[in-house]
Amino acid sequence: MEGMSVPVALRKARKAVSAGEYEEAALVYTVLMARDDIGDLFDIRIRHAYCVEKTGHANQAVALYKGIGKLYREAGETGAAESIDKTVESLEKRIRDEQAEARAEVERVKAEAEKIKAQKIREAKAEAERIQAEAERIKAEKVRKAKAEIER
């Protein structure tokens, strides 16, 4: 990507986003942000944060969006900053919801595991009782045969 013109790089990034290749697009935007001549453009920063979000790195995206919001405020762009704040709030809510769902799923799996464990214990106890009863039946049969043999 070294030496690639800005328009070519932007097209490459947009094409990657269209194809759902967000990691590739994020990389292109990262390279573009490193350039002195355009690195501070809000649009590129927002696109980069969006791609980072789409790669599943929501917490990192929140940090990026918050940085963009701060830059907007410093530039006096309060409307844009508020828009970014809404994006951050939405993303943070999604993160909290996903974490809550993950915790609920962990609890569900734990409960299911406990249920299975209890069932296995019941089955093992029932099998042990069956074996014990069979052993007692065999012992009683041997005792009966021994008594019968003695009585003859």
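The values are calculated or read from the model by the stated rules, or taken from the named source; none is laboratory data. None of the values given here were measured: they were computed from a predicted structure. Reconstructed Cβ throughout: ideal geometry from the backbone, glycine too, with neighbour counts over all protein chains shown. Please note that ligands, DNA and RNA were not included when accessible areas were found on the heavy atoms of the full protein model with its side chains. Shrake-Rupley method; radii C 1.70, N 1.55, O 1.52, S 1.80 Å.
Straight-line reach from Lys66: which lysines fall under 21 Å, measuring Cα to Cα and dropping same-chain residues less than 8 apart?
Straight-distance partners of Lys66: Lys54, Lys86, Lys93.
Taking the chain as the reference, fit the longest principal axis to its C-alpha atoms, fit the long axis of helix 6-18 to the helix C-alpha atoms, and give the angle between the two in degrees, 0 to 90, nearest 10.
30 degrees
Give, to the nearest whole percent, the P(r) tail of the chain beyond 22 angstrom, counting all Cα pairs. The partial results should precede the final answer.
On the way: 7381 of 11476 pairs.
More than 22 Å apart: 64 percent of the Cα pairs in the chain.
Please give the helix 22-34 orientation as an angle from the longest Cα principal axis of the chain, in degrees from 0 to 90, rounded to the nearest 10.
For 22-34 against the chain, the angle is about 40 degrees.
Roughly how many debye, to the nearest 20, is the charge dipole of the chain about its Cα centre, given +1 on each Lys and Arg Cβ, -1 on each Asp and Glu Cβ, and no other charges? Provide the component values of the computation, followed by the final result.
Working: 31 positive and 30 negative charges, 243 e Å.
Roughly 1160 debye for the chain.
Subtract the Cα-Cα distance of Gln132 and Lys110 from 0.36 nm times their separation in residues, and report this length gain in nm to one decimal. Numbers along the way, then the final one.
Values: separation 22, 0.36 × 22 = 7.92 nm, distance 3.23 nm.
Gain on stretching Gln132 to Lys110: 4.7 nm.
Hey, can you find the accessible area per residue of segment 47-128 for me, probe 1.4 Å, expressed in square angstrom? Don't skip to the end; give the middle numbers.
Working: 5670 Å² over 82 residues.
Here the per-residue accessible area is 69 Å².
Would you calculate a helix-derived [θ] at 222 nm for the chain, using -39,500 (n - 2.57) for each DSSP H run of n ≥ 4 and dividing by the full residue count, to the nearest 500? Numbers along the way, then the final one.
Values: 5 runs with 130 residues, N = 152.
That calculation yields -30500 deg cm²/dmol at 222 nm.
Between Asp97 and Ala19, what length in nm is gained on full extension when 0.36 nm per residue of separation is reduced by their alpha carbon distance? Walk me through the numbers before you get to the answer.
Numbers: separation 78, 0.36 × 78 = 28.08 nm, distance 2.75 nm.
Extra length available between Asp97 and Ala19 comes to 25.3 nm.
Give me the percent of the accessible area of the chain that comes from carbon and sulfur atoms, probe 1.4 Å, all protein chains in place.
Values: 5940 of 11030 Å².
The nonpolar share, carbon plus sulfur, comes to 54 percent.
Once you put a point 7 Å from the Cα of Lys145 and another 7 Å from the Cα of Lys117, both along the Cβ direction, what distance in nm separates them?
Using points 7 Å along Cα→Cβ, the separation is 4.4 nm.
Among all the aspartates and glutamates, which ones have a C-alpha under 18 Å from Lys147's C-alpha, if same-chain residues fewer than 8 places away are not counted?
The reachable aspartates and glutamates, counting only those whose Cα sits under 18 Å from Lys147, are Glu136.
Check cross-link reach from Lys120 to the lysines: straight Cα distance under 19 Å, and skip same-chain residues fewer than eight apart.
Lys110
With everything on Cα atoms, drop me the angle between helix 78-151 and the longest principal axis of the chain, reported from 0 to 90° to the nearest 10.
That works out to roughly 10 degrees.
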